[in-house]
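This report refers to the structure that appears directly beneath it.
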Amino acid sequence: RALVLEFNHRIKGAEKSDRRRDMMMLELPGILNRLISGLVRLRTRGEWDVPIDAAISHETWEGNSNSAMRFVRDRMIDVPGAKTLTPPIWRDYLAWSSDEGSYRLSKPNFYERLDQVIGARRTIEGRQYYVDWELLPPDELGYVDDTDITDD
């Protein structure tokens, strides 16, 4: 629903002038005509034709505003047929969010957002899984999933 456009140009003091403002005011009727033409094209087409730069900006904005989405990009992989229990995903998220220094979601909010990003959890034999997704193997920094630790 959001169309993100980045405006990276800053108008510096040397570029500011009353003459430019007056010139832009003279251009307003032409801007309005282009807006109306664009609206006609949009209504004919029925949907937005999103520029590639806007799509990239939207993806960046969405990733930065949703830690669950960033977690999926960093720590999970789409594997058809895979089933991953929810507790290891939550533990990995806790470790990842500590390393990232990002805002940590509560457990219910994390699962809710994860459901939106990769699909709803499924309950199989009383246990919740994410189907078709796996956690990436622990990285070389030494993180060990505690489900693999045994008391021998």
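The values are calculated or read from the model by the stated rules, or taken from the named source; none is laboratory data. Computed from a predicted structure; not experimentally measured. Cβ atoms come from the backbone with ideal geometry, glycine included; neighbour counts cover every protein chain shown. These area figures cover heavy atoms from the full protein model, side chains too; ligands, DNA and RNA do not enter into them. Shrake-Rupley method; radii C 1.70, N 1.55, O 1.52, S 1.80 Å.
Once every Cα of region 11-145 carries one equal point scatterer and solvent is ignored, give the base-10 log of I(q)/I(0) from the Debye formula at q = 0.17, 0.18, 0.22 Å⁻¹, two decimals.
Scattering profile of region 11-145, log10 relative to I(0): -0.96, -1.04, -1.34.
Tell me, in nm to one decimal, what length is gained between S17 and D53 on full extension, where the rule is 0.36 nm per residue of separation less the Cα-Cα distance?
Separation in residues times 0.36 nm, less the Cα-Cα distance, equals 10.0 nm.
Looking at region 1-94, which GluC sites (Glu not before Pro) are in a loop (DSSP not H, G, I, E or B) and have at most 10 other Cβ atoms within 10 Å?
Passing sites in region 1-94 are E15, E47.
Ordered by residue, what ³J(HN,Hα) values in Hz, to whole numbers, does region 52-58 give under the Karplus form 6.51 cos²θ - 1.76 cosθ + 1.60, where θ = phi - 60° and Gly and Pro are x?
My calculation for region 52-58 gives 4, 4, 5, 5, 5, 4, 5 Hz in order.
Rank K12, K83 by accessible area, highest first, at a 1.4 Å probe radius?
K12, K83
Name the chymotrypsin sites (Phe, Trp or Tyr not before Pro) in region 29-132 that are in a loop by DSSP and that have at most 14 other C-beta atoms within 10 Å, would you?
When the chymotrypsin sites (Phe, Trp or Tyr not before Pro) of region 29-132 are filtered for loop state and at most 14 Cβ neighbours within 10 Å, W48, Y103 remain.
Which of the trypsin sites (Lys or Arg not before Pro) across region 87-116 are loop residues per DSSP, with 15 or fewer other Cβ within 10 Å?
Answer by residue number: R104.
Treat each spin label as a single point 7 Å out from the Cα along the C-beta direction, and report the I36 to K83 distance in nm.
My value for the distance between the label points is 6.2 nm.
With 10 Å bins from zero, work out the P(r) of region 1-86 over every alpha carbon pair and list the percent per bin.
12, 23, 28, 21, 10, 5, 1
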